[in-house]
Amino acid sequence: SSSDSSSSSSSSNDSKYLWMRTARSDVLSSMLLRFSSWDPKMLKMKRIKVLFEGEDGIDSGGLGKDFFASVASALVTSTKKNHKQDQQTNNTNNNDDDQNDNNSDNVNNNNNNKQNTPKVSNIQYFSPTSSGGGAVVEIATQGNGSMSSWRAIGRFIAKAIIDRQLIPRLHFSEYLLKQLLGQSLGLDDLIGVDDALHSSLTWTLNNSIEGILEETFTVTTSTTEEEVELCEGGKDMIVNDENKSDYVSLRVSWYFQFRCMAELDSLLAGFADLIPSQLLEPFTTSELGRLLVGTAEVDVDEVRAFTVFGGDLKASDAVVLWFWEYWKAQNQERRGKLLNFVTASTRVPLDGFDPPFCLVNGGGGEELPRSHTCFNQLVLPKYNSYDAMVIKLDLALDHGADGFFAT
């Protein structure tokens, strides 16, 4: 049954918020349905409050973080699953414009009455992480009435920026970041997306092809094996040394835009529903990427500089100084784990924490540290020694950072 069939009024009479009621197993289809149907003006102005079915949690910010992270994870997991299934069951083409285009299954969606979920195919909007922690996510699709779903995904990305929600599981490719910023694309943007095609086209530009390359101004689609002209009369135009630069330019344009133009246009339109492109003009692709997914490297000194304190805890207290010493001594993975324990994210936002990173007094030195991720707050007891604090922090991180030990 539909997990988010309740209207916002049935969840709350508070008109300041848009209410999202969903099962954890259903976050992707719930997002697609709601983000397609909600008024963009309301979506831009109002914060989303989340109710997870079967849970008693009250959303003071933490459940919202969880929802955005879960949707991003669902996109990655679903597309990775379909990518693997297609590799096992489908024969694939090996032409150079089909290096990354072998998938056409629907993203997993168990609710037949939900929005059509985008199929996996055609182009990498998101990229794998260098550390291997992310999947190669390919979500440019083939029709099937899913344009409203693509628009919903565009709105979801924009809403993450507006609500200052990090979605690090979606490792945005340089290509998509440039599209969101309205920047032009060139041959080198194929690097990391389709290296074989980049290499082939680069060789074509840098070498004489007379008597070697027998190509026309056409491409063959990977899904229908249909021959498509790159320009009017392209099937009758032979690529040669005089026109090869035009051929390469048209080939790149087709790869990035025209082969999935409807899907891309829908995603960009959804994004623009909430954030007009001119507002992003000051950003570089690197800055926009960090705004969306944060920074993996945790600079403890930088976090420390903007930390606030609650209760009678002070920056000069011994336990606070020990805490910074402990955190700085950890490797980056461990630093991220502590950050996740406090903020529900392993990454640092580009524009800082909101609310600020906060340390408050947790009482006597026998208690374990606790956190309130809604408020980016660590409740740190006043331990009697550095070693006693280390034991308690290690226990909390090793057994509490990935569950509801944190509150």
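Values in this text are rule-based calculations from the coordinates and carry no lab data. Quick caveat, the model's predicted, so the values are computed rather than measured. Here Cβ is always computed from backbone atoms with ideal geometry, including for glycine, and neighbour counts include all displayed protein chains.
Key figures
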| read-out | value |
| --- | --- |
| Order by protection proxy (mean Cβ within 10 Å, highest first), peptides 287-300, 336-349 | 336-349, 287-300 |
| Descending principal axes extents, segment 282-330, alpha-carbon based, whole Å | 42, 24, 13 |
| Fraction in percent of alpha-carbon pairs per bin - 5 Å, segment 161-238 | 3, 11, 13, 17, 21, 14, 8, 6, 4, 2, 1, 0 |
| For segment 179-216 versus segment 232-305, the gap between their alpha-carbon centres in whole angstrom | 16 Å |
| Principal axes of segment 296-361: Cα extent on each, largest first, Å | 31, 25, 18 |
| Rg/Rg_globular for segment 187-317, with Rg_globular taken as 2.2 N^0.38 Å and Rg from C-alpha atoms | 1.70 |
